[in-house]
Amino acid sequence: MKRCAFCGHETTEHICPKCGGPQPVDPSENYFSLLGVERAFQQDLPSLEKKFYDISRTLHPDRFAAGTDSKWKVISVERMSAVNKAYQTLTKRDSLRRYLLELEGVSLGRKEKAEGDSSNPVMPMELAEEWFDLQDAVMENPESALARISAFERGIRERSDELKSRVSFLENEYDANASREALLKIDKLVLDGQYLKSMDRDLIRLKSRLGI
Amino acid sequence: MASESSSSEHEHSDHGSHSSPPVGAVIGIDLGTTNSLVAIVENGVPRVLLSREGERMIPSVVTLRDGKPFVGYAAKREKVLSPGETVFSAKRLLGRGFSDISAIRSSLPYGLEESVDGQLKIMVGGKAYSAIEISAMILRELKSSAEAALGVLVQKAVITVPAYFNDSQRQATRAAGRLAGLEVLRIVNEPTAASLAYGLQEKKQGIIAVFDLGGGTFDLSILKLRDGIFEVLATHGNTTLGGDDLDRAIAAKMAAEVKVSTGIDLYSSPLQTASLLEAAEKLKISFASHEHSLFSVDLCVGAGKSFDREWTRDEFDQLVRPILLATRESCFHALDDAELTVEDITEVVMVGGPTRLKIVQQIAEEIFGRKPNTSVHPDEVVALGAAIQADILTGKNQELLLLDVVPLSLGIETYGGIMEPFIKRNTRIPTSAREMFTTFVDNQTGVDVHVLQGEREQAAENRSLARFKLGGLDAGPAGFPRVEVTFLIDADGILQVEARDLRSGRESSVEVKPSFGLREDEIEEMLEAAKVNLLSDLDFKRWIEVKNQAEPVLRAAMKKVPDAYRLLDRDDAKKIELICEKMRTAMDARDPEWVQNLKYELESSTTRLAELVIAEAIQSGREGIAKKT
């Protein structure tokens with residue numbers, strides 16, 4: 001059981017119920033525990049907001065501005081800053097996913113993987129071919145460019161939708177039974193998905209070159 | 001509103017004066033570009049405190065006569081009479097360097113120079129002042145006003161700044177507060193403060209946009225109001241756009257016409273420029289309520305020859321519209337950052353004097369597709385909000401809470417002059433970021449860190465906040481020493497830096513010298529130097545004591561002056577009248593010894609008069625009785 005850093009009273013709260021002192025952030029705490037929510041990919045935003053507001057109401061440095069211990073002031077700033085970052089991270093799908101993978105020690109190996117050849121985020125061969133064909137085609141026949149680009153974009157969107165649904169299926173699996181296998185698959189899918197993002201940028205560049 | 005603690009504090013009020021507020025009142029200050037206000041919350045109700053001249057607003061203008069500052073309306077009159085000694089719009093110079101202000105330099109009739117280290121110096125009466133010092137003079141006046149209005153010492157304040165103020169500008173504002181003898185409990189963003197007062201008044205929930213156009217700055221903040229929480233979702237702004245710019249546009253147009261029709265150049269002297277700008281401001285203000293207005297400027301100040309020209313609101317609207325359209329960009333930026341569209345906004349709240357103009361309301365309506373809400377007092381709402389925040393910080397109001405954001409990204413300069421952000425704009429504050437630093441060459445014992453604020457990729461295009469050296473590293477191979485630097489943004493939106501050498505575990509103290517501002521020790525030094533001229537706290541208490549005793553004596557004596565002329569000989573009566581007059585002067589000068597002496601003098605010289613008045617009353621009483629019987 002954790003004890004209050006000031007009076008020694010047993011507490012796991014943000015603020016000691018006995019002396020009212022804000023508690024320093026403990027290394028064992030994480031963004032989920034700070035906000036008092038399940039360690040999961042699926043988060044209910046309205047209840048997350050309610051928790052964040054309720055914590056802010058008592059922990060915010062404004063509540064320690066008048067005449068309290070200067071140590072309390074400093075700690076309320078530190079702890080509120082951690083809660084702010086937790087809320088910011090967990091309310092956005094991408095940042096939540098990144099954080100949870102990191103917290104579970106899954107994406108730590110990403111750097112090495114990126115250098116190895118097998119799991120590098122390279123474009124699937126068939127898509128790369130399509131992309132080169134498209135570029136040649138629009139150069140040779142600019143009139144049909146718009147139609148071809150749209151078709152290509154549709155293809156990209158389909159891939160991206162499929163990826164999203166697979167990721168979300170795996171996320172549910174992790175949420176249901178803390179499957180580590182699911183985490184590893186999510187990590188790989190997210191990494192593979194990066195080519196879709198760079199494809200988006202390439203498409204924009206191609207379109208602006210053609211004046212579309 | 002929570003006000004449980006107010007009853008106990010009322011016990012401190014001295015000799016039964018029933019309305020005296022708690023000792024050590026915390027005030028809210030709106031330090032504006034053109035006007036400033038001070039407000040307080042009493043028993044949960046915010047109100048504006050009147051200045052010593054009895055006005056709600058105090059012009060942010062300072063005239064320096066032999067180094068002695070005059071602030072407010074007295075100084076504003078001097079703006080035209082002695083432009084070389086009068087400083088206005090100092091807020092536009094706060095926290096900026098000489099090179100930052102080239103665009104507005106020509107429109108300010110007072111002298112501006114650059115010091116050796118690039119700091120800005122305001123030259124008045126042959127002396128150099130910083131914008132911080134000028135702002136401190138205004139704040140000191142506001143502090144005295146509040147003290148006079150409340151009858152207690154004021155040492156703590158909440159001061160508002162435009163939401164889009166960067167770290168230097170916030171630091172400079174806080175330094176000005178300190179220099180004015182105030183402990184600045186919090187720097188609050190103006191639109192956020194306004195939302196507090198709006199929320200308290202309207203009791204509405206939802207997502208609001210605060211459209212805050214002041215004298216020199218524009219801010220757009222988007223907030224979510226729910227169950228007493230005021231959460232800023234995003235803010236954007238422009239610190240070089242305000243009502244002043246409209247004045248300058250009118251002035252430029254009129255100066256051109258005058259030049260064509262008379263050959264006179266109104267920009268040729270500071271005196272002429274000042275009176276031109278004043279005429280332009282008058283015209284602008286008239287269009288808040290009129291369709292036609294006459295622009296009139298003296299062609300030669302004091303000579304009675306003037307240039308007059310009729311304007312329609314249409315012409316005015318057309319002239320200023322392009323300037324005001326710059327507000328659109330900030331609105332859309334803020335919406336983007338909040339990941340919202342105009343349809344999500346339930347109310348657009350207008351704040352700042354210029355929002356009285358129909359053209360400003362019209363532009364806000366075009367942007368948000370809805371009629372803006374003009375229910376709050378555009379000039380006073382920010383000060384009222386600051387006072388509410390002061391009430392929150394003193395713990396009296398536990399129901400409301402502001403959650404604000406940092407308006408601009410913070411980062412460090414990396415190799416190749418690129419800014420690498422570590423805290424993104426619109427991040428909730430307080431917040432912190434940790435960065436690791438190491439050496440590039442063998443046996444390097446120090447690392448230079450350059451902290452920046454802004455949204456540009458090129459480091460040089462952002463505001464330089466601070467440069468510091470992480471020194472005292474153990475010599476070793478490149479990349480071996482590791483220094484962890486923690487950047488903390490507190491609830492004021494101000495940066496603090498801490499560094500730790502990870503190998504030795506040593507905390508290295510980092511002194512961050514604000515690029516354009518004052519260090520804490522510089523402020524202390526200036527405060528020390530200024531002390532001789534200031535009423536110290538003890539002096540103030542003595543003054544209030546003396547004043548409270550002297551006032552009734554003076555009032556009674558003044559009432560008796562006609563009796564004196566009736567009952568005493570002329571010389572004695574004249575003497576009493578003279579002492580009364582002297583005493584009023586002494587009161588104005590806040591000189592306790594002088595007032596005390598005059599009080600004794602007045603008491604002794606009115607003793608005989610009092611006796612006579614009483615005798616007369618008894619006599620007339622007897623006569624009355626006699627008549628009845």
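Sort out for me the Cα centre separation of region B:536-613 from region B:47-79, rounded to whole Å. Cα centres, region B:536-613 to region B:47-79: 28 Å. Restricting the calculation to Cα atoms, region B:243-324 shows an Rg/Rh of 0.95 when the hydrodynamic-style radius is the Kirkwood one. Computed from point charges on the beta carbon alone (+1 for Lys and Arg, -1 for Asp and Glu), the dipole magnitude for region B:537-628 about its Cα centre is near 460 Debye.
Counting only other chains, what is the mean number of Cβ atoms within 10 angstrom of the Cβ of each residue in peptide B:209-216?
0
Of the chymotrypsin sites (Phe, Trp or Tyr not before Pro) in region B:134-201, not one is in a loop by DSSP (not H, G, I, E or B) with at most 13 other beta carbons within 10 Å.
Arranged from fewest to most other beta-carbon atoms within 10 Å of their beta carbon, A:S81, B:S432, A:S208 become A:S208, B:S432, A:S81.
Rounded, prolate or oblate: which fits region B:141-245, taking a ≥ b ≥ c as square roots of the Cα gyration tensor eigenvalues, rounded meaning a/c under 1.5, else prolate when a/b beats b/c? Since a/c reaches 1.5 but b/c is at least a/b, the shape of region B:141-245 is classed as oblate.
Counting Cβ atoms of other protein chains within 10 Å of each residue's Cβ and taking the mean over peptide B:185-193 gives 1. In terms of overall dimensions, region B:131-195 has a Cα radius of gyration and Dmax of 11.9, 35 angstrom. Summing Cβ point charges (Lys, Arg +1; Asp, Glu -1) relative to the Cα centre of chain B gives a dipole of roughly 1440 debye. Here the protein assembly as shown is treated with +1 on each Lys and Arg Cβ and -1 on each Asp and Glu Cβ, and its dipole about the Cα centre works out to around 1820 debye. Applying D = kT/(6 pi eta Rh) to chain B, where Rh is the Kirkwood radius over alpha-carbon pairs, T corresponds to 25 °C and eta to 0.890 mPa s, the Stokes-Einstein value obtained is 90 µm²/s.
Positive end of the dipole of the protein assembly as shown (Cβ unit charges, origin at the Cα centre): among B:A573, B:L470, B:L220, the Cα lying farthest that way belongs to B:A573. Between 0 and 90 degrees, the angle of helix B:570-588 with respect to the longest Cα principal axis of chain B falls at about 10 degrees.
Counting Cα-Cα pairs of region B:537-628 in 5 Å increments starting at 0 gives whole-percent bin shares of 3, 14, 22, 18, 14, 11, 8, 5, 3, 2, 1, 0. Exposure proxy ranking for B:D474, B:D30, based on other Cβ atoms within 10 angstrom of each Cβ and starting from the fewest, stands as B:D474, B:D30. Quick check on region B:47-92: take the gyration tensor over C-alpha atoms, sort the square-rooted eigenvalues as a ≥ b ≥ c, and tell me if it's rounded (a/c under 1.5), prolate or oblate. Since a/c reaches 1.5 and a/b is larger than b/c, the shape of region B:47-92 is classed as prolate.
Here is how the number arises for chain B: DSSP H runs of 4 or more residues each give -39500 (n - 2.57), the sum is divided by the residue count, and the result at 222 nm is -13000 deg cm²/dmol. In chain B, the longest principal axis of the Cα atoms and the axis of helix B:243-262 are about 80 degrees apart. DSSP beta bridges confined to the protein assembly as shown are antiparallel in about 80 percent of cases. The angle separating the long axis of helix B:537-567 from the principal Cα axis of greatest extent in chain B is about 30 degrees.
The calculated Kirkwood hydrodynamic radius for region B:312-451 is 19.4 Å, given to one decimal from all distinct C-alpha pairs. Counting only trypsin sites (Lys or Arg not before Pro) that DSSP places in a loop and that have at most 11 other Cβ atoms within 10 Å, the longest clean stretch of chain B runs over B:306-629.
Ellipsoid fit via the Cα gyration tensor, region A:31-103: semi-axes of 26, 13, 8 Å, each the root of five times an eigenvalue, largest first.
Set against the 2.2 N^0.38 Å expectation for a compact globular protein, chain A has a Cα radius of gyration ratio of 1.43. Its relative contact order, with pairs defined as Cα atoms under 8 Å and 6+ residues apart, puts chain B at 12 percent.
In the protein assembly as shown, a dipole from Cβ-located charges (positive for Lys and Arg, negative for Asp and Glu) runs towards its positive end, and of A:S144, B:L325, B:S605 it is B:S605 whose Cα lies farthest in that direction. The relative contact order of region A:118-210, computed from alpha carbon pairs under 8 Å that lie at least 6 residues apart in sequence, is 36 percent. The mean number of partner chain beta-carbon atoms within 10 angstrom of a residue's beta-carbon across peptide A:56-65 is 6. Our Cα-only numbers for region B:408-524 put the radius of gyration and Dmax at 14.5, 42 Å. Bridging of B:K574 to aspartates and glutamates at a Cα separation below 12 Å is possible for B:D563, once same-chain residues fewer than 8 apart are set aside.
Provide the net charge surrounding B:R503, with neighbours chosen by a C-beta distance below 15 Å and charges set as Lys +1, Arg +1, Asp -1, Glu -1. In short, -1. Global size of the protein assembly as shown: 32.8, 128 Å for Rg and Dmax (C-alpha atoms, Rg to one decimal, Dmax whole). The distance linking region B:186-208 with region B:401-464 is 30 Å (Cα centroid to Cα centroid, whole angstrom). In the structure shown, the pairs A:K197/B:K224; A:K2/A:K92; B:K282/B:K358; B:K575/B:K599; B:K559/B:K599; B:K91/B:K259 are assessed against 23 Å; a Cα-Cα span above that value is assigned to A:K197/B:K224; A:K2/A:K92; B:K91/B:K259.
Going by neighbour counts of Cβ atoms within 10 Å, the residues B:C300, B:C580 line up, fewest first, as B:C300, B:C580.
How big is region A:118-210 by the Kirkwood estimate over distinct Cα pairs, in Å?
14.8 Å
Readers should treat all values here as calculations from the given coordinates under stated rules, not as data from a laboratory. Note that the structure is a prediction, hence the values are computed from the model and not measured. Here the Cβ is made from the backbone with ideal geometry for all residues, glycine too, and neighbour counts use every protein chain on show.
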